[in-house]
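The values are calculated or read from the model by the stated rules, or taken from the named source; none is laboratory data. These numbers come from a predicted model, not from an experiment. So basically every Cβ, Gly included, is an ideal-geometry build from the backbone, and we count neighbours across all protein chains shown. Note: areas computed on protein heavy atoms with side chains; ligands, DNA, RNA excluded. Shrake-Rupley method; radii C 1.70, N 1.55, O 1.52, S 1.80 Å.
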Amino acid sequence: RSLLLTLTHLYFSRYPVAGWARAAGPRPPTNVLTIALSSILTLFLAADTFVFAQYKQHIDFAYLQMFFSPAGREIFVFPTSLYFLACLGIVLVVALEIAIFLACRKFSSALRYPRYLLLASILLSTLTFNGMHAWAAFTAYTPVLVRAEAFPAFHPLTARRLMGKLGFTQATTDTIPADTGTLNYPIAPIQLGAAKNNPGKPNIILVLVDSLRFDAITAETMPRLHKRSATAIRFKNHVSGGNATRCGVFSLFYSIPATYWHSFQHSRRPPVFMETLCALDYEFAIFASARLDNPEFDQTVFSGIPNLQAKTDGNSVFERDLNAQNEFLRFCADRNRSRPFFGFLFPDALHSFQLQENASQPFQPSWNAMNYLRLSSATDPIPIRNLYKNQLHNLDIQLDALFSSLEQDGLMKNSIVILTGDHGQEINETHTNAWGHNSNFSRWQTQVPLLVFWPGKPPATHDHRTSHLDIVPTLLADALGINSPVENYSFGKNLFDTSPRPFILMATYSKSAILSGDTIMTLNKYGLGAPRSFDYAQERPPISAAIIRDALRESLRFRAVK
């Protein structure tokens with residue numbers, strides 16, 4: 001940065017004309033412009049360094065909007081002395097830039113072609129940091145990857161194919177070294193206590209259905225599962241940690257918002273939940289229809305699982321769903337019955353928005369598959385909604401076979417079985433031309449069902465707000481007997497804790513959101529979105545500054561820059 005600014009000063013001091021060409025006639029003065037631009041850049045970098053050190057986030061339009069908003073003084077509380085130091089810093093930076101400019105002007109004749117040196121420096125630095133990051137990403141050299149977050153506006157390249165051709169060895173899950181980098185997770189080691197020697201540890205089976213909406217399990221659409229749910233603990237007001245697969249799965253297993261995704265991916269840090277299961281000698285039966293290396297769950301959620309099966313064979317999503325379920329059931333039949341196990345099933349057919357050939361279609365009129373070219377705000381949603389219902393109807397048959405097998409094997413008597421979705425699936429209920437997910441944080445895209453079959457716990461229905469962040473704390477405490485403080489590893493609380501959640505943090509690939517009560521407010525690099533009701537039907541008053549401040553502070557709990 002210092003080199004580039006100095007060369008910029010040098011160029012404009014030698015060629016005081018805006019642009020590369022020398023203009024005819026009077027030359028407009030650029031001294032003030034050069035000093036002003038350099039001062040602004042230096043001050044921005046200094047402020048960003050301070051913000052990143054305090055909040056582990058870089059300055060963007062969102063932070064600037066919040067800072068200068070009427071509620072800014074409540075969200076960002078600084079002492080008066082800090083404002084005084086900031087003003088003093090501005091004066092010193094401007095004075096420094098003037099001194100650099102004068103020095104460059106005095107000695108500019110020593111370099112004949114400063115503009116070429118400037119261009120060469122920019123090109124060399126760009127190639128250097130992109131090449132270094134591409135190599136680090138390919139070889140999983142975590143000391144580079146985990147510290148990339150410290151640079152503002154840093155969007156480096158990757159070149160996996162080129163690195164392979166150059167002879168570099170690509171890292172695998174088994175060869176990736178541990179490096180927590182920017183993470184302080186967990187805040188304190190998990191204390192296993194008596195759980196390690198407890199012979200009665202239950203099996204835990206998680207059935208995570210891709211794109212399963214909160215209103216999917218009804219007597220009309222899924223009669224078998226609906227009937228079976230009468231024996232479960234039902235959480236009717238449950239939300240995912242986001243509106244996309246990566247965010248929903250991440251928030252469930254880590255019990256923290258998916259805004260941490262890149263930090264955990266770069267450090268290859270598995271969740272506390274999976275580490276605890278390993279320490280308690282659990283077997284693992286991980287069978288997913290969708291690939292586990294895209295998104296990179298093999299580098300995050302399941303990074304500590306040896307011999308992970310990252311993909312399931314099959315020529316279609318329907319074949320893969322069925323093959324994954326059959327492989328899981330074969331594991332259950334052949335398992336070592338002296339050890340508890342954790343099972344994970346991830347059927348994907350609902351995500352595809354299509355029907356298998358010769359599938360039952362009781363709901364009409366219905367499309368056979370989603371034709372995205374035909375979609376617009378004026379598209380009739382009924383055939384698409386019926387397509388989704390027909391998908392649910394056929395999924396119900398498959399899940400019924402799963403539960404029937406578990407019952408026949410006696411696993412429902414000694415296993416905690418959880419069924420939920422990674423996110424919802426909108427069919428333009430918000431009237432914003434939204435079809436599917438990953439476009440807004442309405443309940444249609446983020447609220448999912450949650451059924452828990454827990455031996456020894458009676459069936460019940462709960463209406464209080466819960467989230468994916470609450471599942472791991474519940475399992476660690478109530479199923480495994482782990483007494484470590486929840487705040488050391490989670491943003492959630494026990495599912496059965498009916499006390500209000502002041503807010504829930506959710507995320508997608510490019511933005512996050514704060515859900516408080518029935519009000520949702522998005523936050524992206526351009527600022528805060530207009531607060532809306534959870535069903536997006538109407539605008540709402542802004543979420544209080546105190547809640548926004550607390551949410552921002554909470555979101556940084558596990559950040560730690562070395």
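Of everything in region 72-89 that is at pLDDT 60 or above and among the hydrophobic types (A, V, I, L, M, F, W, C), the residue that is farthest from Ser555 (Cα to Cα) is Leu88. Beta carbons closer than 7 Å, at least 6 apart along the sequence or on distinct chains, pair a first residue in region 527-542 that is among the acidic types (Asp, Glu) with a second that is not in a loop (DSSP other than H, G, I, E, B) for Asp535/Arg443; Glu539/Arg532. A single entry from Asn371, Asn433, Asn428 fulfils the requirement of being free of Cβ contacts under 8 Å to residues at least 40 places away in the same chain, closer than 26 Å to Cys247 by Cα and either surrounded by fewer than 14 Cβ atoms within 10 Å (Cβ to Cβ) or not charged (D, E, K, R) (or both): Asn371. Pick out the one residue from Ser377, Ser338 that is open to solvent by 10 Å² or more (accessible area, probe 1.4 Å), small (Gly, Ala, Ser), modelled with pLDDT under 95 and under 30 Å from the mean Cα position of the chain (by Cα). So the residue among Ser377, Ser338 that is open to solvent by 10 Å² or more (accessible area, probe 1.4 Å), small (Gly, Ala, Ser), modelled with pLDDT under 95 and under 30 Å from the mean Cα position of the chain (by Cα) is Ser377. Scanning region 341-359 for residues that are more than 23 Å from Ala244 (Cα to Cα) and either in a helix (DSSP H, G or I) or at pLDDT 95 or above (or both) returns Phe341, Phe342.
Scanning region 516-553 for residues that are at pLDDT 90 or above, of a type in the set (S, T, N, Q) and either open to solvent by 50 Å² or more (accessible area, probe 1.4 Å) or assigned to a loop (DSSP other than H, G, I, E, B) (or both) yields a single hit, Gln538. I'd like to know if region 464-475 contains one or more residues that are more than 18 Å from Ser251 (Cα to Cα) and either open to solvent by 20 Å² or more (accessible area, probe 1.4 Å) or among the hydroxyl-bearing types (Ser, Thr, Tyr) (or both). Yes, the conditions are met somewhere in region 464-475. Selection of first residues in region 301-318 that are in a loop (DSSP other than H, G, I, E, B) and of second residues that are open to solvent by 40 Å² or more (accessible area, probe 1.4 Å) and acidic (Asp, Glu), restricted to Cβ pairs under 6 Å at least 6 apart or on distinct chains, gives the following pairs, ordered by first then second residue: Ala310/Asp293.
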